[in-house]
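Working notes for the structure below.
The values are calculated or read from the model by the stated rules, or taken from the named source; none is laboratory data. Everything numeric in this text was worked out from a predicted model, so none of it was measured. FYI the Cβ positions are ideal-geometry reconstructions off the backbone, even for glycines, and counts take in every protein chain you see.
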């Protein structure tokens, strides 16, 4: 557990403008700063940072909060990890009093995966039995410098890692959770990775979260590559291999090459093409796109030229376009991937291919022409439907129209006919990043204003707490927010907005708080507060009275006069309380 005083200190000492501008470019807009939101796809900035209130809010997707909440969203870290990041930026050490279960587990997993990566690396460079692995890497042109940088390793023998880690006092439970050992059907455990070259998978903070492993002896029925199983640290959906090494170059070049396979990333990187990442044996995911969008909106896809590679490229194109990225595709010659192309043809050959990259339209049309006879009506209809589905992912109407013109020329079909077909497609819902959140039902203005009073005037909380309780708020979000305030500040009534922001782990609450603070509702005076409190009490009273009326009818029907008398007394009491404020 981290002392609350320390959390408040790092919150107060962090300038939110300086923090956020170290991640995304901000532009001055009056008293605030604005930017394209890093959490959803958009063309016009709706993301604002207020230096006076030390908050951010996106009016497009609703995300918001303070410094801690920004880090939780942007770096996809827990509340405790966000505190740790802010503390390190300030040169402070987090004074943990007692580590919570989940954080303790993650901390231990980071330790065990780090130790395993060092073990595999030392195996490769020092063990005699690692010679086949070194020869394999040498045959692929991998240098000692790259082996060191990527911490490439070797898993030898049956239980070398298990024995080593047990000697280091790591439990079997934690080794299994980290996907380093696996249970045998006959009982006991053995190393998950055996006789394989090991590629550590790092997160963007250079921490090992998992491993990819390539077999040295290819056998039928034995997968060439295996990855760590999903665990509390690692999910292949959330990471891109090599991003920790390439992110600076991606920012510098404002573009990223996305390929598949560890060596398809490592070999070009070694050859000087350093704005490159690889997916992890999965189709490109929304989570990976979110990672990429932190650094650039310009994507170059380089997948294999076979049918599987083409299918993967086409799936990625639609998802990338739907989320506002600019796409180019490198057409690899058949039989070549990036690794082999550089080894056999050289870096200059690949650079020349990159210069000839095509846009998504030309790439997809060429593939579809090989599948459909566009001289036939049926073929034209099928190609048009697939191309329009992709064009419909674009957010710019101008871009849509320009691609409609190109498609019209390809198919020799009038533009207005294609536009009519596109309108049908545009009516279908999209599943992009900006549509993943729940649409919030309308929040009563009186409930919102009362919370704004509390956020902007700390002394108001004591007044409101005497007049209202959480049940007086009808909307689930205002109810939840007020309940949290009461829970944290009811003892001393010493409400502080910055302290409150340092306590919020629920992103729905933090987004709501930032929205309320950003909205300009004019001058808030005591008469408005009084009216809002009265409105909430009347609304609550109305609900209670309706319930009492129903109970009174039941009592009258049952001729239970004692109960009826009690219910009437309660009804009158509520009427008097509301009338007297």
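Table for the structure above
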quantity	calculated
Number of the condition not met by residue 45 [criteria: (1) assigned to a loop (DSSP other than H, G, I, E, B); (2) crowded, with 22+ Cβ neighbours inside 10 Å; (3) touching a strand residue (DSSP E or B) at 6+ places or on another chain (Cβ under 6 Å)]	(2)
Some residue of region 337-349 being more than 29 Å from residue 257 (Cα to Cα), surrounded by 15 or more Cβ atoms within 10 Å (Cβ to Cβ) and at pLDDT 90 or above	no
Failed criterion for residue 404 (all others in (1) farther than 15 Å from residue 327 by Cβ; (2) touching a strand residue (DSSP E or B) at 6+ places or on another chain (Cβ under 9 Å) hold)	(2)
Residue count for region 367-398, restricted to those that are part of a helix (DSSP H, G or I), at pLDDT below 90 and touching a helix residue (DSSP H, G or I) at 6+ places or on another chain (Cβ under 9 Å)	0
Residue match in region 350-363 (condition: in contact with a helix residue (DSSP H, G or I) (Cβ under 7 Å, 6 or more places away or on another chain), surrounded by 16 or more Cβ atoms within 10 Å (Cβ to Cβ) and over 26 Å from residue 415 (Cα atoms))	yes
Test: residue in region 551-562 that is over 20 Å from residue 485 (Cα atoms), outside any loop (DSSP other than H, G, I, E, B) and out of contact with any helix residue (DSSP H, G or I) (no Cβ under 9 Å at 6 or more places or on another chain)	yes
Output for region 323-336, where each listed residue is over 19 Å from residue 282 (Cα atoms) and modelled with pLDDT under 90	324, 325, 331, 332, 333, 334, 335, 336
Qualifying residues in region 144-158 (those that are assigned to a loop (DSSP other than H, G, I, E, B) and over 34 Å from the mean Cα position of the chain (by Cα)) - the one nearest to residue 117 (Cα to Cα)	156
Sole residue being surrounded by 12 or more Cβ atoms within 10 Å (Cβ to Cβ), assigned by TED's automatic domain parsing to the domain that holds residue 479 and over 20 Å from residue 473 (Cα atoms), chosen from 539, 575, 560	560
Hits in region 311-326 - residues which are buried (at least 17 other Cβ atoms within 10 Å of the Cβ) and more than 16 Å from residue 288 (Cβ to Cβ)	314
Test: residue in region 159-171 that is under 18 Å from residue 214 (Cα atoms), buried (at least 20 other Cβ atoms within 10 Å of the Cβ) and either free of Cβ contacts under 8 Å to residues at least 24 places away in the same chain or under 35 Å from the mean Cα position of the chain (by Cα) (or both)	yes
Selection count, region 133-158, where residues are farther than 17 Å from residue 267 by Cβ and loosely packed, with under 14 Cβ neighbours inside 10 Å	1
Qualifying residue in region 340-348 (condition: more than 14 Å from residue 264 (Cβ to Cβ), more than 25 Å from the chain's Cα centre (by Cα), assigned by TED's automatic domain parsing to the domain that holds residue 277 and not in a helix (DSSP H, G or I))	yes
Selected residue (only one of 263, 233, 284 is more than 29 Å from residue 89 (Cβ to Cβ), touching a strand residue (DSSP E or B) at 6+ places or on another chain (Cβ under 9 Å) and either modelled with pLDDT under 90 or part of a loop (DSSP other than H, G, I, E, B) (or both))	284
Number of positions in region 242-260 that are in contact with a helix residue (DSSP H, G or I) (Cβ under 6 Å, 6 or more places away or on another chain) and not in a loop (DSSP other than H, G, I, E, B)	2
Among the candidates 220, 176, residue that is part of a helix (DSSP H, G or I) and either over 29 Å from the mean Cα position of the chain (by Cα) or over 22 Å from residue 263 (Cα atoms) (or both)	176
First in region 177-205 and free of Cβ contacts under 8 Å to residues at least 12 places away in the same chain, second anywhere and crowded, with 21+ Cβ neighbours inside 10 Å, Cβ under 9 Å, 6 or more apart	182/191; 182/192
Qualifying residue in region 180-197 (condition: part of a loop (DSSP other than H, G, I, E, B) and either under 28 Å from residue 329 (Cα atoms) or within 21 Å of the chain's Cα centre (by Cα) (or both))	no
Residues that are in contact with a helix residue (DSSP H, G or I) (Cβ under 9 Å, 6 or more places away or on another chain), modelled with pLDDT under 90 and either closer than 22 Å to residue 181 by Cβ or part of a helix (DSSP H, G or I) (or both), drawn from region 96-126	102, 103, 105, 106
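Matching residues to (1) surrounded by fewer than 19 Cβ atoms within 10 Å (Cβ to Cβ); (2) at positive phi; (3) assigned by TED's automatic domain parsing to the domain that holds residue 520:
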| residue | (1), (2), (3) |
| --- | --- |
| 13 | yes, no, no |
| 58 | no, no, no |
| 65 | no, yes, no |
| 109 | no, no, no |
| 112 | no, no, no |
